[in-house]
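As structure tokens, the structure follows; a few thoughts come after it.
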Amino acid sequence: MTDRPARLGTRRSPMATSQSQHVADAVTARTGTKVELELITSYGDVTQAQLTQLGGTGVFVNSLREQLASGGIDFAVHSLKDLPTAPAEGLTVVAVYERDDPRDALCARDGRTFADLPSGSVLGTGSPRRVAQLAALRPDLRFVPIRGNAGTRLGKVAQGEVDAVVLAYAGLARVGRLDDVTEVFEPERMLPAPGQGALAVECLTSRAEGDLAYLSAVDHAATRAEVTAERTVLAELEAGCAAPVGAYAEVLDGRLRLRAAVVAPDGTQAVRRERSVPIDGGAAGAASSLGRELAREMIGEGADRIVAEAAEDSTTSSED
């Protein structure tokens, strides 16, 4: 316990500050350490460019990492799906907070479900993953890229600019907009982004086992195993957070079940695989191995080619 409040760096968006405050409150409740938020603007928050034009990975986390390196903040909270899969030199994910609902949600005009949307309806989403999987289900819809926070995107539905948007259910819950949800997509229909619904707590490696070791109190072992498997698939496919890759792992009855899909942007090609392994004390190693083996099976079926072609041709952006 320290007299000075710990400085938690977060993006300024309502969703980011809400989830960061949730983690801050949990840290205080479990360790007695006071935490204050430091609001930081990332390049991904201010640019109007589509994420795929920026390289896709890291644009929402780099400013926070710069503050960590300079000592401007003590630790940062990221949406895990925005975090690059490659390790950052000198930084450690000291905790993975217990995951909220990882599913995607439809928010449509007039309370419509996905099946109820008339042919030709305009659906706004900044995610190539969502476009690909939704196009496979409804090739008769028109998908358009959309940027902005949840409130901005929902406003476009209310104003009639689009007929519907798809957002992360967990994010909508964090900003109190679940009343706008008209349907939730089960993983059997649309796999979420690797790490969706989970939060990463990151700090300097040199402090992770020192004065910030108390942050491990908010680590959730099952969630860490799940997202490790999912993100290993992404890493093995050499895909960024804007790639058309869905992955979802869950710990059930002593086993870690992993499902993954790579779908072409127009929905006409797909590689889908599933595997499970027993999970115990060696959860991290088992999760990594599971993700690696599943990804290699998918590569053998051409998943890497779909990812590469999508990267060359994509015109959509990222998720929030």
Exercise. Which of the residues that make up the stretch 282-292 are surrounded by 18 or more Cβ atoms within 10 Å (Cβ to Cβ) and over 19 Å from the mean Cα position of the chain (by Cα)?
Worked result: ALA283, ALA286, LEU290
Exercise. Being within 22 Å of the chain's Cα centre (by Cα), surrounded by fewer than 16 Cβ atoms within 10 Å (Cβ to Cβ), closer than 25 Å to PRO265 by Cβ and modelled with pLDDT under 95, is that true of even one residue in the stretch 18-37?
Worked result: no
Seminar exercise, completed: Of those in the stretch 237-250 that are aliphatic (A, V, I, L, M) and assigned to a loop (DSSP other than H, G, I, E, B), the residue surrounded by the fewest Cβ atoms within 10 Å (Cβ to Cβ) is LEU237
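Does at least one position in the stretch 198-219 carry a residue that is of a type outside the set (A, V, I, L, M, F, W, C) and farther than 25 Å from ARG65 by Cβ?
Looking for residues that are of a type outside the set (A, V, I, L, M, F, W, C) and farther than 25 Å from ARG65 by Cβ, one finds none in the stretch 198-219, hence no.
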Seminar exercise, completed: Subset of the stretch 286-311, residues outside any helix (DSSP H, G or I) and either on the phi > 0 side of the Ramachandran plot or hydrophobic (A, V, I, L, M, F, W, C) (or both), comes to GLY302
For this session: Name, by its number, the condition in (1) buried (at least 20 other Cβ atoms within 10 Å of the Cβ); (2) farther than 25 Å from GLU161 by Cα; (3) at pLDDT below 95 that does not hold for VAL94.
Result: (3)
Exercise. Among ALA217, ALA198, ALA208, ALA242, which is at pLDDT below 95 and hydrophobic (A, V, I, L, M, F, W, C)?
Worked result: ALA242
Exercise. Any residue at all in the stretch 223-236 that is part of a strand (DSSP E or B), within 16 Å of THR85 (Cα to Cα) and not hydroxyl-bearing (Ser, Thr, Tyr)?
Worked result: no
Seminar exercise, completed: The one condition GLY111 fails out of (1) over 30 Å from ALA264 (Cβ atoms); (2) outside the structural domain of ALA150 (by TED's automatic domain parsing) is (2)
Exercise. Take the residues of the stretch 256-296 that are charged (D, E, K, R) and in contact (Cβ under 8 Å) with a residue 60 or more places away in the chain: which is nearest to ARG103 (Cα to Cα)?
Worked result: ARG259
Problem set entry | Candidate set from the stretch 256-281 (those that are of a type in the set (D, E, K, R) and modelled with pLDDT under 95); member that is surrounded by the most Cβ atoms within 10 Å (Cβ to Cβ) | ASP266
Exercise. Of everything in the stretch 71-101 that's under 21 Å from GLU36 (Cα atoms) and polar (S, T, N, Q), which residue is nearest to the chain's Cα centre (by Cα)?
Worked result: SER79
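Residue-wise test of (1) at pLDDT below 95; (2) among the aliphatic types (A, V, I, L, M).
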site: PRO139; (1), (2): no, no
site: ARG142; (1), (2): no, no
site: LEU154; (1), (2): no, yes
site: VAL165; (1), (2): no, yes
site: GLY171; (1), (2): yes, no
site: ARG174; (1), (2): yes, no
Problem set entry | Conditions (1) at negative phi; (2) surrounded by fewer than 24 Cβ atoms within 10 Å (Cβ to Cβ); (3) among the acidic types (Asp, Glu): number failed by ASP253 | (1)
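The values are calculated or read from the model by the stated rules, or taken from the named source; none is laboratory data. Source: prediction; values computed, not measured. So basically every Cβ, Gly included, is an ideal-geometry build from the backbone, and we count neighbours across all protein chains shown.
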